[in-house]
Every structure is written in structure tokens, then in C-alpha cells.
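Here the structure comes first, spelled out in C-alpha cells, and everything after it is commentary.
Just so it is clear, none of the values below were taken in a lab; they were calculated from the coordinates. Computed from a predicted structure; not experimentally measured. All Cβ positions, glycine included, derive from the backbone under ideal geometry; neighbour counts span all protein chains shown.
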Amino acid sequence: MQSRQVETLSVEQEELRGISRTVAEIEWLLLILVLLYQVFEGPLPEDQAAISAGLFFYTAFVLGFRYTNFYKSESRWKIAIESFTMVVFITWVLWYTGKLASPLLNAYLLVIITSALALGKLTTMLEMALIGACFVLLGGNSTAGELFSLAYIGGLVGQLAPMLLVAYITTMFSADIRFGLNRARLLSETDDLTGVYNMRGFAIVADRLFSQAVRYNRPATVLMLDSDNLKAVNDQHGHEAGNQLLKLLANCIETELRHTDVLARFGGDEFVALLPEATASRALEVAERIRKAVASTPLEFHGKEVTTSVSIGLASYPDDGRSIDAIQGRADRAMYTAKQQGRNQVVKFKA
């Protein structure tokens, strides 16, 4: 569902913000390293001005690019531009501090680690290729024949091998860590049985969507849905049949919802759905379609067909409350009214 995709994008933005803060620290660390070199190593007087100019322009880039809100949100393109600029700055400094004999040569590792953590294997390999070209540039006045000789290529690969190893290991660790975190987040926010959100996941997404409705004064509706005969199915056919019924209900509900709607298992045999940008009249139509879909889709279990139904209550923002908790509570009351009035029906909250 699109709501899950929106939440994934939000999580990715949080991840990118964290990575961006780390990139900022790496950039300042690089500047500090070059400054310390100037203070303690003391480059040649004729090189001092060039290094100082590089420091000035790179500092101006970092301040201007990072702290003037040039980008409204973090992106991998932004981090890529920063990392490629870092390569240019390091190469400039190395040119005036001994080239391949410079004590700052391993500063390229900062770029590789940044790229491996944030940009993935392809971009990291592209940056490794760029760094390889910088090694050739810094290596001196080699002829075209020498550049393509096995001896030269072997020596270049030998120089780059530690960096290639760091790039490979870091990208692998980064991918494994990201997969593990995403898997853990998915498991913590998803109902194991039905595959829809659990209440933790629902709260995260619904709070954000409802806040948008309040901010922009847009309608939103909450549906509370409850199975009318789960207990009877459990008693007559066993808990496995009851589990199959819950899966059937989740599927019937999801089929009638839009991609922007959010569905969760509230607990037991209850479900809750948030319908952003949906007025009460629009939500009533959706709820009625859900009710009919459930009523017309019997549960098939061990060659038997078990009819089922749901009772649905709904409440809307802003007419029925000003908070998600208030509206959800009133939708729940409307659902119990539907139960009391005979089940298998939709009831809108009335004050």
C-alpha cells in the first residue's frame, strides 16, 4: 500500500539525515587534518598559499552547501556531490604535499567509507575509479606506453588494493546492517497473522497522516471493523479456521481501500482503518463496500463454506473530534452500536 511506501520514504529520510550528519563530521575532520598538517608538518612556502586556497574554497563549499538549506530534504545525490567534491579537495591537497608520498594519502579512505555507507556499491566503485585516475595524475609524468604496461597497472592495483578492500567490506557490512534494520522494523510494525500493520505501525503512520489533515484542514475518517462470528468459527471449526477468517477479513478490507489508506489489526477480531482525505459520506460508501465484500466471500475450510460478516463504525475529522484518539474512540462506539442493532451493518457516530 502507498501508506507503507510513504512510511518507508519517511524512514529513509531519517536514515539519510543520520548519514548526512556523519558526512558533515567527516568533512570537518578532513579540514582539521589538513590544518594540522599545515601547523606541524609545514609545507614548502611556495605550496602554503595553494593549500590555504584549497582550505578556503572547500570550507566555503561545506558551509554554503550544507548550512544554507540549499536542499529542503536530504538525498543521496546531495551526499554524492559532497563525496566527489571531497575527492577533488583531497587530490588538490596531495598535489602540494608530496603527491603519492604525502602523509595525507589515506584521506581518500574517508571518501570511500562515506560512499560505501550512504551511496551503495555502484557509486562507490565509480568513486574508486575516480580515485584511481587521481593516483595516475599524482603519479608523475608517465608515458602512454607506461600507463598501459602490466608493471604499471600491477603497481597501481597494489596501491589501490587496501582501499578496494575497505570499499568492499564497508559496502557489504552496510547492506547487511540496513537489511537487518529494515527487517526488524517491518517485523515490529506488522501483524504476523494478517500481514497488515499492528497498532505500533498504525500509530506511527496514522499520527503523521492525521497531523497533515489537521495542518491543512483536510477531512479524514477512521473505520473500526469487528468480525461478527469469529468466536463461533473458533468454537465450531477450531482456531486454525479462525486464523483463516482473520486473513480473509484483512484481504477483503484491503481490496476496498485506496493505496493511501492505512489498515491495521487492532487486536483479536478488530481492525482499524484511517482514510485520509475522506469525508464521512465517502467513507460510508467505502465501509458499505467492505461489508458487502465480506458478506459475499465465505470462508472455505476443509471443504465447508462458512459465511461471515462484519460490523463497522466510523467517525470523521473535524466533525466528530479534533484528535486521532478521540475519533478512533467514537468510531469504536459506533461499531458497538452496529453490533447492538443486529450486526452486519455500518453505523456513523452520532453525538
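Need one number for region 199-348: average projected area of the convex hull over its C-alpha atoms, nm².
8.3 nm²
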- Message: Please rank 312, 112, 153, 204, fewest neighbouring Cβ atoms within 10 Å first, as an exposure proxy.
- Response: 153, 204, 112, 312
- Cβ-based exposure ranking for 52, 281, 174, in which fewest neighbours within 10 Å come first: 281, 52, 174
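Ranked by Cβ crowding within 10 angstrom, fewest neighbours first, how are 114, 85, 124 ordered?
Going from least to most buried by this count: 85, 114, 124.
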- Item | Low-density loop positions, trypsin sites (Lys or Arg not before Pro), region 247-278 - DSSP coil, at most 16 other Cβ in 10 Å | 258
- Percent antiparallel among DSSP beta bridges (both partners in the chain, rounded to 5): 85 percent
- Taking alpha-carbon centroids only, region 62-134 lies from region 288-351 a number of Å equal to 56 Å
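Quick one, could you list the DSSP H helices from the chain stretching 15 Å or more along their long axis (Cα atoms) with average Kyte-Doolittle hydropathy of 1.0 or above? Before the final figure, lay out the partial values.
Values: long enough: 2-40 (56 Å, 0.37); 45-67 (33 Å, 0.57); 76-95 (29 Å, 1.12); 108-118 (16 Å, 2.31); 120-138 (27 Å, 1.62); 150-189 (56 Å, 0.86); 199-215 (23 Å, 0.46); 239-256 (26 Å, -0.19); 280-295 (22 Å, 0.03); 324-340 (24 Å, -0.66).
Within the chain the helices that satisfy the rule are 76-95, 108-118, 120-138.
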- Query: Considering the chain, what Rg and Dmax in Å follow from its alpha-carbon atoms?
  - Reply: 30.1, 92
